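Any read-out appearing in this document is the output of simple, stated calculations on the displayed coordinates, not a laboratory observation. Predicted model, so just to flag it, every value in this text is computed and none were measured. So basically every Cβ, Gly included, is an ideal-geometry build from the backbone, and we count neighbours across all protein chains shown.
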Amino acid sequence: MSELSPFLKEYFDVKTRLAGFMLKDDFETVKTVSIIEVLLDRALDVYKGASTEGRFGTAPGHTLENYFGRANGYLEALERGEYPLKGRFTEPGMAVVDHSFIEKDGRMHLFYNRDHIGYEWDLMPANTIGHAVTDDLINWTIEPPVISADRDLFENYQVWSPGVAEKDGVYYMYYTGVNLNACQAICLATSKDLYHWEKHPGGPVVKPGKWGSWSEDRWSDCRDSMVFIDDDGTAYMYYCTSACFDGRLCAAVGIASSTDMVNWEDRGAYRFDICDISLESPFVMKKNGKYYLFYTNCGHGTAYAVSDNPVSGWKSLGMLIPYTVPPLCPANVPSCAEVFCFKEKWYISSCLREPGCEQYLELFEIDWTEDGRVVLGNRVE
């Protein structure tokens, strides 16, 4: 019998120490144990020679040392009687990325990408949209997934970034369909109860206008959509895209409008000069007669802007949730912001991606100053 290697000795030691916590059934312990198991198993895969290279390369953090070190760190916290992931929601064993909140009958529903810890999205596809429900933003019930990729439709590779809006008793989910060439377009599903969804039979409902560079045959940006319905009933869609400005292709927010939630009119694209890498996950809401646009400024964090109308004239108000430590890659920053009011309090969401594709949902209280700026408050725990 051959002697165990130093790594396997450590691996089995951590597994044994973890075993006792696997007997507990409270959500915080179950959640943390599930993450530790995923990280340990991924470390073992890499130890055995598994590749971490995806179709589009790899990002920092996909190493045996990172996976194992983070797993051991979480376990040490549990052994001290701490919950290292408290205040960070995820479905056990998964990563939560782009998401959408909507309230129904006094309960908050959350829809989200079900991503895979330890894998880049192009190595382990994100091909289902998850669903969870809460009464207090702290205790969550995980429901079955609601949307999946479909080999017979445009989204024959992955589905991302749900954005849910309600109009006249119907719930509309605009989600990103991704084909095998990594081309993205905005697809639609509808529901009456938030549990049972039917996909729109006509395929994608929004693609970038002629101002962009979009083709089904190659990577094309058209993702992270959300829909804001203005006081007059007009719906505005905002999404992450690329647009040509002064002969140069730049990251931008695409905008479309609709009166029936199905047929959309292109309203052009908007660029933010402070985004030096990429702009993702736009989210628009209205307060005190002003339109607020929150978005991910990749490499920096969550930024926001304000305007007097929903399609132009945005004035940057800077960073709201900055990442103070230089990120290992542009994606490792607070991102995917959504703003909502629940039980008379305002909140903003954030998903900080850790190295190795750990990503969890956090909620912070927010308020507005008299001059219209947003102030970040305490994290919900």
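Can you sort 111, 7, 101 from fewest to most other Cβ atoms within 10 Å of each residue's own Cβ?
Listing 111, 7, 101 from fewest to most nearby Cβ atoms yields 7, 101, 111.
Angle of helix 64-79 to the longest C-alpha principal axis of the chain, folded into 0 to 90 degrees and rounded to 10: 80°. Which value at 222 nm does the chain reach when only helices count, each DSSP H run of 4 or more adding -39,500 (n - 2.57), with the total divided by all residues and rounded to the nearest 500 deg cm²/dmol? It comes out at -4500 deg cm²/dmol, rounded to the nearest 500. Spin-label pair residue 168-residue 152: with each label point 7 Å from Cα along the Cα-Cβ axis, the two points sit 2.9 nm from one another. Applying 1/(1 + (r/R0)^6) with r as the Cβ-Cβ distance of residue 263 and residue 290 and R0 = 30 angstrom yields a FRET efficiency of 0.60. Here the relative contact order of region 226-281, from alpha carbon pairs under 8 Å that lie six or more residues apart, stands at 29 percent. Taking every alpha-carbon pair under 8 Å whose residues sit at least 6 apart, region 187-310 reaches a relative contact order of 17 percent.
Among the listed pairs 48/199; 167/343; 290/343; 167/290, a Cα-Cα separation exceeding 30 Å is found for 48/199. In the chain, Cα pairs under 8 Å separated by at least six residues give a relative contact order of 11 percent.
Between helix 27-47 and the chain, what is the angle of the helix's C-alpha long axis to the longest principal axis, kept within 0 to 90° and rounded to the nearest 10? So the inclination is approximately 70 degrees.
Using a 10 angstrom cutoff on alpha carbons, build the Gaussian network for the chain and name the most mobile of 295, 270, 195. Sorting by GNM fluctuation, first place goes to 195. Note that region 198-203 has calculated 3J(HN,Hα) couplings of 10, 6, 5, x, x, x Hz, one per residue in order, obtained from phi through the Karplus relation 6.51 cos²θ - 1.76 cosθ + 1.60 (θ = phi - 60°); glycine and proline are x. DSSP beta bridges fully contained in the chain are about 100 percent antiparallel. Using the alpha-carbon atoms, what tilt in degrees (0 to 90, nearest 10) does helix 6-19 show relative to the longest principal axis of the chain? Relative to the chain, helix 6-19 is tipped by roughly 80 degrees. Spin-label model, residue 180 to residue 370: label points 7 Å out along the Cα-to-beta-carbon direction sit 6.2 nm apart. Separation of region 149-193 from region 23-100 is 28 Å, based on Cα centroids. Above 19 Å, the calculated P(r) of region 6-79 contains 36 percent of its Cα-Cα pairs. With the chain treated as a Gaussian network of Cα nodes joined by springs under 10 Å, which of 209, 73, 20 yields the largest mean-square fluctuation? Highest fluctuation of the listed residues: 20. In the Gaussian network model of the chain, springs joining C-alpha atoms below 10 Å, which of 365, 65, 103 carries the largest mean-square fluctuation? Ranking 365, 65, 103 by mean-square fluctuation puts 65 first.
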